[in-house]
Structures are given as C-alpha cells and as structure tokens.
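**Q** Right, I'll just put the structure down here and ask away after.
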Amino acid sequence: MNGGTITLKALQQRLLGTQTAFVSYRLPGETAPESIVSAKGFFEIPNIREVFKGKSGFIMAPFLKSRPPLFLDAELTLSGTQFTDPGIGRQEASPVPECRITAPGKEEYIEKLLQVISGINAGKADKVVISRPIAAPVANPELVIPVFEKLCADYPHAFVYLAWMPGYGLWAGASPELLLNIETNKVTTMALAGTRPAAGSGAWGTKEIDEHEWVCRHIEEKLAASGCNEISRSETETMTAGTVVHLKTGFKAIVENKSKGILPEALHPTPAVCGWPEKAALDIIKNAENYDRSFYTGFLGPVKSPNQAEFFVNLRCMQIFQDKAIVYAGGGITAASDPLAEWEETVLKSQTMLTVIRKMQNLAYF
C-alpha cells in the first residue's frame with residue numbers, strides 16, 4: 001500500500017471508523033493543511049501543562065474544566081493535500097457513534113432564554129452564553145470528509161479542522177477566534193464578542209459593546225494574574241466571520257517559561273463562550289442547556305514545541321454521527337437581550353456548517 005502517493009481526502013476516508021485517529025488542520029492565512037495521525041488515538045492528560053514539557057501533537061480540550069483535555073501525539077505528521085502513502089491500512093474498527101442529542105425547537109429555546117433573562121434581571125449574573133444543538137441529516141459519515149477541503153476554501157482566515165477521534169466521534173469546524181498563540185516568550189490572544197449580521201451597518205449597540213468589554217477585562221486580568229508582562233491592547237475593530245461580524249480586540253504580552261502551560265487554562269472559558277461572572281454563568285448554563293457541549297466552546301490546536309503552540313476556541317463547529325450532523329451555535333444573553341433576535345443570531349452562526357452540509361447533500365460541490 002505504501003510507495004505510491006495518496007491524497008489527504010483518501011487517507012481520511014481510509015482511517016475514518018478505525019482505531020487510528022487523525023486531525024487535519026489549516027491555520028488562518030495559510031494555504032497548506034497539516035495532519036497528525038496516531039494509532040494510539042486521542043488520550044486524556046491531567047492538564048495542558050503536560051504538553052509544554054517537550055511533547056508535540058494536538059490538543060482537544062472540552063468546554064468544562066472538570067473534564068480532562070485530550071491529546072493526539074504527533075506519531076506521524078503530514079503536510080499538504082497529497083503525499084507519499086504512509087502505508088496505514090484498515091485498522092480495527094471503531095464505529096462512528098449514534099446521535100443521542102435532541103435539538104430544541106424555536107419555542108423551547110426562546111422559553112429558555114426568557115428564563116435566563118429573568119435570572120439575569122434578578123442579579124444572578126451579568127451575561128450568560130446559551131447555546132443550542134441543530135440537527136442536519138447526513139446519509140453517510142464518509143461523505144462529510146470533503147467538508148474540510150470546502151471549509152478551507154470558503155474561510156481562509158479561520159482555523160479549519162477535521163478530527164477523527166475514536167470513541168469520541170468525528171468533529172469539524174472553522175473557528176474565527178484565537179484563544180492563545182505562543183511564540184517563544186511572546187503571546188497573543190483576542191477578545192471576540194458582540195455579534196450582528198454581516199449585512200448590518202452603523203454604530204454598535206450598548207449590549208454588544210458591553211459584551212465585548214467583559215471579555216477584554218477577563219483577558220487583561222488573566223494575563224496579569226498568570227505572570228505576563230508588557231501587556232498591550234489594540235484598537236477595537238469589526239471582523240467578518242461568515243454571515244456575521246464581531247467586535248475584535250487584540251492583546252500581546254511577554255510570558256515566562258513557567259507560565260506558558262497555565263495560560264490556556266487561565267484564559268478558558270472566556271466570557272464570550274461562558275458569561276460573566278464565570279461561576280454564576282456556568283451554573284445557569286448547566287440548568288438551561290439540556291445537552292452536553294462536549295468539545296464545543298472548548299479549545300483546540302497544535303503544539304509544535306514548548307516554545308510554539310496555537311489554540312483556538314472551538315466555534316462554528318459540528319459533530320458528525322452515523323446519520324446526522326449536530327451543528328452548535330449560541331449567543332451572549334444579557335438583560336438587554338431580545339430572545340427572538342438571539343434565536344436569529346444562532347441561525348446565522350449555524351450557516352457556516354449547515355451551508356457546506358447542504359451543498360454536500362445536494363452534490364453541488366462534491
């Protein structure tokens with residue numbers, strides 16, 4: 001089987017449904033994807049600090065900090081979309097799981113939002129991010145493999161990935177949000193919060209500006225508490241992410257070696273995916289969301305060395321099951337929220353994934 005060449009898509013299809021795990025990813029602004037393949041699969045690690053002791057590979061961290069992050073060891077690394085066939089055959093089967101997630105309807109979701117807004121008005125929190133799963137039919141999980149290629153083409157400035165995680169399923173996404181970039185002793189991150197349709201214009205509203213400022217405060221506090229120095233903040237700008245735009249502010253700092261491993265866990269979860277204050281928002285999320293976010297709104301990305309790593313918030317993503325895909329979308333709820341507008345925001349955000357699924361189903365692209 002080895003000796004010839006093979007396309008990335010063909011290798012991904014060969015490994016899907018086996019015990020051999022892979023992740024293919026394309027960094028923002030890059031043209032060629034990178035892939036990591038390992039027969040050991042994704043395995044639990046005690047904390048992110050472990051990978052800053054000399055390991056290289058890929059991190060998948062869940063939303064809840066109470067659950068351990070997963071790591072894929074860089075047993076085999078591949079660059080580009082065509083390469084010499086590594087000779088990995090069909091391994092022992094690890095089937096794509098069945099879906100056990102129930103997607104709420106519009107009325108049910110809006111009723112949840114009304115309850116959350118009532119709690120915010122009662123002083124339980126200032127902001128809470130509430131999300132929902134959205135189901136889309138998929139005839140065969142293998143047909144989803146070309147989604148990676150399509151997302152890379154459609155979203156050149158996003159972090160695009162496709163990960164087969166035996167025991168955890170198949171995930172794909174195109175995230176616009178950097179959690180943390182580490183280059184030697186320099187770190188960069190961003191606040192990305194406040195959303196409106198890309199077709200909108202004019203001044204941003206108070207609700208969106210307040211949401212964004214909570215995230216900025218969170219980042220500045222966590223960077224300082226983690227021992228960073230020379231913390232600087234850029235001007236706030238508007239960034240397009242598919243069908244929506246967000247407020248974006250960049251941050252830079254200098255970090256000591258001993259603090260590199262604690263920074264990702266300190267920054268996560270930001271108020272952009274959880275709320276403010278964090279503990280109060282988490283309590284409301286647990287009561288309001290009747291599903292497990294799993295890796296949605298967690299973070300993920302490659303670790304090249306103790307001096308080079310890049311993590312992104314797992315947004316605009318989906319989990320592919322045997323007969324359907326679950327697309328995840330959410331929004332920040334405050335006392336000023338309009339539940340119907342918040343529903344429409346999740347509809348807009350879900351289009352990143354739903355559009356490529358529809359094209360796949362209609363054979364418009366594949």
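The values are calculated or read from the model by the stated rules, or taken from the named source; none is laboratory data. Computed from a predicted structure; not experimentally measured. For neighbour counting, all protein chains shown are included, and Cβ atoms are generated from backbone atoms with ideal geometry for every residue, glycine included. These area figures cover heavy atoms from the full protein model, side chains too; ligands, DNA and RNA do not enter into them. Shrake-Rupley method; radii C 1.70, N 1.55, O 1.52, S 1.80 Å.
**Q** Give me the pairs, please: first residue somewhere in region 97-111 and under 13 Å from residue 322 (Cα atoms), second residue anywhere and open to solvent by less than 90 Å² (accessible area, probe 1.4 Å) and of a type in the set (Phe, Trp, Tyr), beta-carbon distance under 9 Å, and either six or more positions apart or on two chains.
**A** Taking only residues 6 or more apart or on different chains, the pairs are 97/168; 97/321; 98/321; 99/321; 100/321; 101/291; 101/321.
**Q** Can I ask one more? Would you mind telling me which numbered condition in (1) touching a helix residue (DSSP H, G or I) at 6+ places or on another chain (Cβ under 7 Å); (2) part of a loop (DSSP other than H, G, I, E, B); (3) of a type in the set (Gly, Ala, Ser) residue 294 fails?
**A** Just one mismatch for residue 294, condition (1).
**Q** Right, next: Can we say residue 135 is among the small types (Gly, Ala, Ser), under 27 Å from residue 332 (Cα atoms) and assigned to a strand (DSSP E or B)?
**A** yes
**Q** For region 25-40, does any single residue satisfy the condition of being open to solvent by 10 Å² or more (accessible area, probe 1.4 Å), of a type outside the set (D, E, K, R) and under 18 Å from residue 294 (Cβ atoms)?
**A** There is no residue in region 25-40 that is open to solvent by 10 Å² or more (accessible area, probe 1.4 Å), of a type outside the set (D, E, K, R) and under 18 Å from residue 294 (Cβ atoms).
**Q** For residue 64, indicate whether it is at pLDDT 95 or above and over 23 Å from residue 304 (Cα atoms).
**A** Yes; evaluated as a whole, the condition is true for this residue.
**Q** In region 6-24, is there at least one residue being part of a helix (DSSP H, G or I) and touching a Ser or Thr at 6+ places or on another chain (Cβ under 6 Å)?
**A** Yes; the residues of region 6-24 include at least one that is part of a helix (DSSP H, G or I) and touching a Ser or Thr at 6+ places or on another chain (Cβ under 6 Å).
**Q** If you scan region 310-328, which residues turn out to be open to solvent by less than 30 Å² (accessible area, probe 1.4 Å), touching a Phe, Trp or Tyr at 6+ places or on another chain (Cβ under 9 Å), of a type outside the set (Val, Ile, Thr) and assigned to a strand (DSSP E or B)?
**A** Across region 310-328, the qualifying residues are 311, 312, 317, 318, 319, 328.
**Q** Of the residues that make up region 56-67, is at least one open to solvent by 40 Å² or more (accessible area, probe 1.4 Å) and not in a loop (DSSP other than H, G, I, E, B)?
**A** Looking for residues that are open to solvent by 40 Å² or more (accessible area, probe 1.4 Å) and not in a loop (DSSP other than H, G, I, E, B), one finds none in region 56-67, hence no.
**Q** Continuing with the same structure: In a strand (DSSP E or B), touching a residue at least 40 places away in the same chain (Cβ under 8 Å) and of a type outside the set (Asp, Glu): does that describe residue 72?
**A** Here the answer is yes, as residue 72 does meet what is asked.
**Q** Can you say whether residue 264 is assigned to a loop (DSSP other than H, G, I, E, B) and buried (at least 22 other Cβ atoms within 10 Å of the Cβ), as far as the supplied structure shows?
**A** Here the answer is no, as residue 264 does not meet what is asked.
**Q** List, please: which pairs have Cβ atoms under 8 Å, are six or more places apart or on different chains, and start with a residue in region 44-59 that is under 15 Å from residue 301 (Cα atoms) and end with one that is open to solvent by 40 Å² or more (accessible area, probe 1.4 Å) and modelled with pLDDT under 90?
**A** Sorted first by the residue in region 44-59, then by its partner, the pairs are 52/306.
**Q** Regarding residue 337, is this residue part of a loop (DSSP other than H, G, I, E, B) and either crowded, with 19+ Cβ neighbours inside 10 Å or polar (S, T, N, Q) (or both)?
**A** Yes.
**Q** Please enumerate the residues belonging to region 270-291 that are open to solvent by less than 10 Å² (accessible area, probe 1.4 Å), in a loop (DSSP other than H, G, I, E, B) and either touching a Pro at 6+ places or on another chain (Cβ under 6 Å) or of a type outside the set (A, V, I, L, M) (or both).
**A** Scanning region 270-291 gives 270, 271, 274.
**Q** Tell me, please, whether a residue that is modelled with pLDDT of 95 or more, in a strand (DSSP E or B), touching a Gly at 6+ places or on another chain (Cβ under 6 Å) and buried (at least 19 other Cβ atoms within 10 Å of the Cβ) can be found in region 172-182.
**A** No - not one qualifying residue is present in region 172-182.
**Q** Here's another thing I want to ask about it. Between 163, 153, 193, 199, which is hydrophobic (A, V, I, L, M, F, W, C), in contact (Cβ under 8 Å) with a residue 60 or more places away in the chain and either in contact with a Cys (Cβ under 9 Å, 6 or more places away or on another chain) or open to solvent by 50 Å² or more (accessible area, probe 1.4 Å) (or both)?
**A** Matching residue, one of 163, 153, 193, 199: 193.
**Q** A follow-up question, please. Scan region 101-132 for residues that are open to solvent by 20 Å² or more (accessible area, probe 1.4 Å), of a type in the set (A, V, I, L, M) and in a helix (DSSP H, G or I) and report the count.
**A** Qualifying residue count, region 101-132: 2.
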